Amino acid sequence: MDGTTEPIIAVIGHPIAGNPSQFAIERALVSLDLDWRVLSFDVYPEHIAAALEGFKVIGIAGVMIDPSVMSVASQWYATKSDSEAVAIDCLYRDDDLQFRGTDEQRAWLAETIARHGATRKQLIGNRDSMLPIDLDFFTDEEISAAPDQRAIAQAGLIVIAAVDGVPVTLELDDWSTNDGSTLVIDLTHDHPDLATIVERGYSAVACHQRRVGTLVQCMKRWTGCDASSEVISDAIEEYLGV
């Protein structure tokens, strides 16, 4: 930005209605006393490349990319960076004011997993490069659409994904009670069985926590400041009427 106007953050997705990101980012900016603007854009997937090219040249300070358009945004970024398509959910300006793309949810989840320190792991779902998690972290044997009871019992980390875009059906009879030592990360949009899993004692990271963590990471990229996770969480809950 050249200093003649306040920096702008763009939030893009399709559909964008009902996305709490703009509201949460605005609250975080206010809490940091930053005079920035946030704009949301409903962009059809086939128009994402054109939109991002426009943002790139008009000085948009950062972009929050909704999962609904992540795949095409990642493909666009790969053509600009001469690399393979990897998931990106955030665009920011580097020190040379060039657009850089990162997967901030992946980074936040990697930190969360590292703190937990599980050695035995289980991914329930399909291998998908757009998942916000390092698939090299799992062996082939640790990835299954239907793990057996022994695999569930031995895992210190369980990641629930999807099969062909549909949340995988869990065999809850194979899930015994837990003492909280097993971390379950739900990569779906609020898996219907997660509440039951939590009732059985498992620690859990759901859609809300992932969204908050991602926005905290993105705010750091865009502004260089540490936004409060509590401010962002409260804003999302208020927006969604939780």
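Does G165 count as touching a Leu at 6+ places or on another chain (Cβ under 9 Å) and of a type in the set (G, A, S)?
Details: touching a Leu at 6+ places or on another chain (Cβ under 9 Å): no; of a type in the set (G, A, S): yes.
In short, no.
The condition (being modelled with pLDDT of 95 or more and under 21 Å from G224 (Cα atoms)) is satisfied by just one residue among A49, A28: A28. Does at least one position in segment 53-65 carry a residue that is without any contact (Cβ under 8 Å) to a residue 40 or more places away in the chain, aliphatic (A, V, I, L, M) and closer than 30 Å to A204 by Cβ? Checked against the condition, which is being without any contact (Cβ under 8 Å) to a residue 40 or more places away in the chain, aliphatic (A, V, I, L, M) and closer than 30 Å to A204 by Cβ, segment 53-65 yields no hits at all. For segment 195-242, filtered to residues that are charged (D, E, K, R) and under 21 Å from I16 (Cα atoms), the residue that is least open to solvent (accessible area, probe 1.4 Å) is R210. Kindly provide the set of residues from segment 64-119 that are of a type outside the set (A, V, I, L, M, F, W, C), assigned to a helix (DSSP H, G or I) and open to solvent by 30 Å² or more (accessible area, probe 1.4 Å), ordered by number. P67, S68, S71, Q75, Y77, T79, K80, S81, R106, E111, R115, H116 - these are the residues of segment 64-119 that are of a type outside the set (A, V, I, L, M, F, W, C), assigned to a helix (DSSP H, G or I) and open to solvent by 30 Å² or more (accessible area, probe 1.4 Å). Close Cβ contacts (under 7 Å, 6 or more residues apart or on different chains) running from residues in segment 18-32 that are closer than 11 Å to L215 by Cβ and without any contact (Cβ under 8 Å) to a residue 40 or more places away in the chain to residues that are of a type in the set (K, R) and part of a helix (DSSP H, G or I) are absent.
Give the residue that is nearest to F99 (Cα to Cα), with candidates limited to residues of segment 42-60 that are open to solvent by 80 Å² or more (accessible area, probe 1.4 Å) and β-branched (V, I, T). Among those residues, the one meeting the criterion is V57. Among the residues of segment 28-37, those identified as surrounded by 19 or more Cβ atoms within 10 Å (Cβ to Cβ) and not aromatic (F, W, Y) are A28, L29. On the stretch given as segment 100-140, residues that are farther than 18 Å from T188 by Cα, touching a residue at least 40 places away in the same chain (Cβ under 8 Å) and β-branched (V, I, T) total 1. A single entry from D134, D128, D164 fulfils the requirement of being open to solvent by 50 Å² or more (accessible area, probe 1.4 Å), closer than 30 Å to V69 by Cβ and touching a Lys or Arg at 6+ places or on another chain (Cβ under 8 Å): D134. When the test is whether a residue is open to solvent by 80 Å² or more (accessible area, probe 1.4 Å) and under 29 Å from E142 (Cβ atoms), P15 does not pass it.
Of the residues that make up segment 213-230, is at least one more than 19 Å from T182 (Cβ to Cβ) and aromatic (F, W, Y)? Steps first, answer last, please.
Taking segment 213-230 and keeping what is more than 19 Å from T182 (Cβ to Cβ), we get 213-230.
Restricting the remaining residues to those that are aromatic (F, W, Y) gives 222.
Yes, because at least one residue in segment 213-230 is more than 19 Å from T182 (Cβ to Cβ) and aromatic (F, W, Y).
The values are calculated or read from the model by the stated rules, or taken from the named source; none is laboratory data. None of the values given here were measured: they were computed from a predicted structure. Note: ideal-geometry Cβ built from the backbone for every residue, glycine included; neighbour counts use all protein chains shown. Side chains included, ligands, DNA and RNA excluded: accessible areas come from the protein's heavy atoms. Shrake-Rupley method; radii C 1.70, N 1.55, O 1.52, S 1.80 Å.
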